[in-house]
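Here is the structure we will look at.
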Amino acid sequence: MKDLVEVIAKSLVENPDEVVVTETDKGNELLVELKVAPSDMGKVIGRQGRIAKAIRAVVKAASSKSDKKVVVEILQ
């Protein structure tokens, strides 16, 4: 999931070098944290959070075959 979020985020932002994705396994939950440059925060979140919701939907669909719940957090 880390690679998927990283590819999506890097295609959206103007500073792809500053995209950092970390993945933490917490039992039956997988936490994916996304950090981008402050100037790119709006591009990743989108108007009314639409792009963030779309990223979460794609990750949820990709992880549907595994038993783990995947949570995507966008950090400042």
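Numbers for the structure displayed
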{"item": "Test: residue in the stretch 55-76 that is on the phi > 0 side of the Ramachandran plot, surrounded by 11 or more Cβ atoms within 10 Å (Cβ to Cβ) and part of a loop (DSSP other than H, G, I, E, B)", "result": "no"}
{"item": "Boolean, R50 is buried (at least 16 other Cβ atoms within 10 Å of the Cβ) and either part of a helix (DSSP H, G or I) or modelled with pLDDT under 95 (or both)", "result": "no"}
{"item": "Residue that is nearest to E73 (Cα to Cα), among those in the stretch 16-45 that are in a loop (DSSP other than H, G, I, E, B) and touching a helix residue (DSSP H, G or I) at 6+ places or on another chain (Cβ under 6 Å)", "result": "V36"}
{"item": "Inter-residue pairs, beta-carbon under 6 Å, first without any contact (Cβ under 8 Å) to a residue 60 or more places away in the chain and in the stretch 56-72, second in a strand (DSSP E or B), 6+ apart", "result": "R56/V72; V59/V70; V59/V72; K68/L30; K69/E29; V71/L31"}
{"item": "When residues of the stretch 11-42 are limited to those that are among the small types (G, A, S) and closer than 17 Å to I55 by Cα, the one least open to solvent (accessible area, probe 1.4 Å)", "result": "G42"}
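The values are calculated or read from the model by the stated rules, or taken from the named source; none is laboratory data. Quick caveat: nothing in here was measured; it's all calculated off a predicted structure. Here Cβ is always computed from backbone atoms with ideal geometry, including for glycine, and neighbour counts include all displayed protein chains. With ligands, DNA and RNA removed, areas are computed over all heavy atoms of the protein, side chains included. Shrake-Rupley method; radii C 1.70, N 1.55, O 1.52, S 1.80 Å.
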